[in-house]
Amino acid sequence: MTGNIACHIFGCSDPVIGQCKGYKDACGRYFCKAHSPENLCLHCYDEMWKAALESIRYAKPQTSPSTGS
Ligand SMILES: [Zn+2]
Ligand SMILES: [Zn+2]
């Protein structure tokens, strides 16, 4: 076998299908098919949702959704 990469989930022995590109910072964790929501590792996926929920919480309801150029 070449390489010893494994899914970032401890104990997961599923075949790795890719590498996390990171959400805010570079990540590099490997993930299997079952642990790659949005092509992110679960750590970055969690960070993404935290940020999304924060933005919703602090978003003003009257703000126009138009965020064009
Ligand atoms: Zn896995
Ligand atoms: Zn990641």
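Readers should treat all values here as calculations from the given coordinates under stated rules, not as data from a laboratory. Computed from a predicted structure; not experimentally measured. All Cβ positions, glycine included, derive from the backbone under ideal geometry; neighbour counts span all protein chains shown.
Excluding same-chain residues fewer than 8 positions from K21, which lysines have a Cα within less than 28 Å of its Cα?
K33, K50
Can you tell me the FRET efficiency between I5 and L42 if r is taken as the Cβ-Cβ distance and R0 is 25 Å, rounded to the nearest 0.05?
The value I calculate is 0.95.
How big is the stretch 16-58 on each of its three principal axes, counting only the C-alpha atoms and giving the largest first in Å?
Projected onto the principal axes, the Cα atoms of the stretch 16-58 cover 37, 20, 11 Å.
Once the Cβ-Cβ distance between S13 and K50 is put in as r, and R0 is 35 Å, what FRET efficiency do you end up with, to the nearest 0.05?
0.80
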